Ligand code: TTP
Ligand code: MG
């Protein structure tokens, strides 16, 4: 209850996640692959990994991030395909454009998933379950893809709910059932808890969500450190531990993502940096601010966290420029191969772009890029269906890392 006697509005979040995304696109583009084990990733015989695989291939025990050699042993008759990032990004955009129709509270968090803040949209679109069904149907009609939607009072639960009902699923967690829902999950289903943490929890015989919930925060803190303890304490209770956060403070603009499975795969990492660059540049321009400094945050799977920043001589004017800087910082800082659980990107020393400064911003060499980008943002804010994006924004430059995947 709020102080003035009003009941606080129940929040409603959707988490939308496409099923076996890259593999499903391959099955749509190549009907002869449908119903078969399709494995997308590195070339068999190379030292690379599986990006993803169809549900038919999952029956053989194949999983994302598994060495491709292991996958091949499990399923030598599978269809092995290279990553076609450009095509997946194209399909991703079509899907995201549908989702944007439903709420201004749209947040894309990876190539195939997004959060929709659907709070208060019932009057416009109907009850959440009906909207979710419509979304699934529209995307199926437009692209042929199936997806899973989780509906819940916070983002964390929505994410768990979509995973819970995969593939082609739809699952609602009612607010009063939140704790009950989390308790029936396995510890490994809790998002953002890596193998290492699971192992450590085992030392104290914490092997279920219920046991985790009954463990005092101080005990967790001694075992895993303060940040991890705080995260687990909330997660076990169905409280959002902050899996996707935007910094709302005025002097900085940032966005960060925590990953379910730790990342150590360059194309995927670059994909995330690309998303984050677009998000923070969009906010910078939208809020009429400017900055010369980009900060990258890396949190490893052992919760150690590092930040690194770079200042340019001029103001950032495009998300491309932010993306290039983010990659540069990443390559300087990353302990190669070490798994990452969170990536964050932000602008520091942000200033309000006063009218008298606008000329100064536009005088530099990037005048044109900035104008183009600003125009895209303006058009998109008027009509989310508009399909206009600068060509260089379409795809992270991952060609160097795809030696074995000439897709
Ligand atoms: P996910 O949504 O994690 O996986 P998915 O869509 O393939 O399967 P699910 O039905 O379980 O959602 O990731 C989306 C895409 O990201 C996936 O299709 C391929 C890519 N990816 C990688 O390249 N490497 C990885 O380790 C993971 C997890 C995903
Ligand atoms: Mg998916």
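Here are the numbers for the structure shown:
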item: All positions within region 114-144 that are in a loop (DSSP other than H, G, I, E, B) and surrounded by 19 or more Cβ atoms within 10 Å (Cβ to Cβ); result: 118
item: Pairs with Cβ under 6 Å, 6+ apart, first in region 247-263 and at pLDDT below 80, second surrounded by fewer than 18 Cβ atoms within 10 Å (Cβ to Cβ) and assigned to a strand (DSSP E or B); result: 252/348
item: Hits in region 13-49 (condition: more than 30 Å from residue 106 (Cβ to Cβ) and within 16 Å of ligand 2 (Cβ to nearest atom)); result: 39
item: Qualifying residue in region 188-207 (condition: modelled with pLDDT of 95 or more, surrounded by fewer than 16 Cβ atoms within 10 Å (Cβ to Cβ), under 21 Å from residue 162 (Cβ atoms) and under 24 Å from the mean Cα position of the chain (by Cα)); result: no
item: Some residue of region 171-186 being within 16 Å of ligand 1 (Cβ to nearest atom), closer than 30 Å to residue 35 by Cβ, part of a helix (DSSP H, G or I) and touching a helix residue (DSSP H, G or I) at 6+ places or on another chain (Cβ under 6 Å); result: no
item: Flag if residue 227 is in contact with a strand residue (DSSP E or B) (Cβ under 9 Å, 6 or more places away or on another chain) and surrounded by 15 or more Cβ atoms within 10 Å (Cβ to Cβ); result: no
item: Filter result for residue 91 (touching a helix residue (DSSP H, G or I) at 6+ places or on another chain (Cβ under 7 Å) and within 10 Å of ligand 1 (Cβ to nearest atom)); result: no
item: Hits in region 324-354 - residues which are part of a loop (DSSP other than H, G, I, E, B) and either in contact with a strand residue (DSSP E or B) (Cβ under 6 Å, 6 or more places away or on another chain) or surrounded by 21 or more Cβ atoms within 10 Å (Cβ to Cβ) (or both); result: 338, 339, 349, 350, 353
item: Failed criterion for residue 220 (all others in (1) farther than 24 Å from residue 128 by Cα; (2) surrounded by fewer than 20 Cβ atoms within 10 Å (Cβ to Cβ) hold); result: (2)
item: Subset tally (residues that are in contact with a helix residue (DSSP H, G or I) (Cβ under 9 Å, 6 or more places away or on another chain), near ligand 1 (Cβ under 10 Å from one of its atoms) and more than 18 Å from residue 111 (Cα to Cα)) for region 50-62; result: 1
item: Given (1) touching a strand residue (DSSP E or B) at 6+ places or on another chain (Cβ under 7 Å); (2) away from ligand 1 (no atom under 16 Å from the Cβ), index of the condition residue 23 fails; result: (2)
item: Answer from 99, 124, 81 - the residue that is farther than 21 Å from residue 29 by Cβ and within 16 Å of ligand 1 (Cβ to nearest atom); result: 99
item: Answer residue from region 145-170, given it is assigned to a loop (DSSP other than H, G, I, E, B) and surrounded by 18 or more Cβ atoms within 10 Å (Cβ to Cβ) and is farthest from ligand 2 (Cβ to nearest atom) among those; result: 153
item: Cross-chain or 6+ apart pairs with Cβ under 9 Å, region 35-58 first and touching a residue at least 40 places away in the same chain (Cβ under 8 Å) and farther than 21 Å from residue 268 by Cα, then outside any loop (DSSP other than H, G, I, E, B) and more than 16 Å from ligand 2 (Cβ to nearest atom); result: 36/79; 37/79
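The values are calculated or read from the model by the stated rules, or taken from the named source; none is laboratory data. Bear in mind the structure is a predicted one, so any value in this text is a computation, not a measurement. Here the Cβ is made from the backbone with ideal geometry for all residues, glycine too, and neighbour counts use every protein chain on show.
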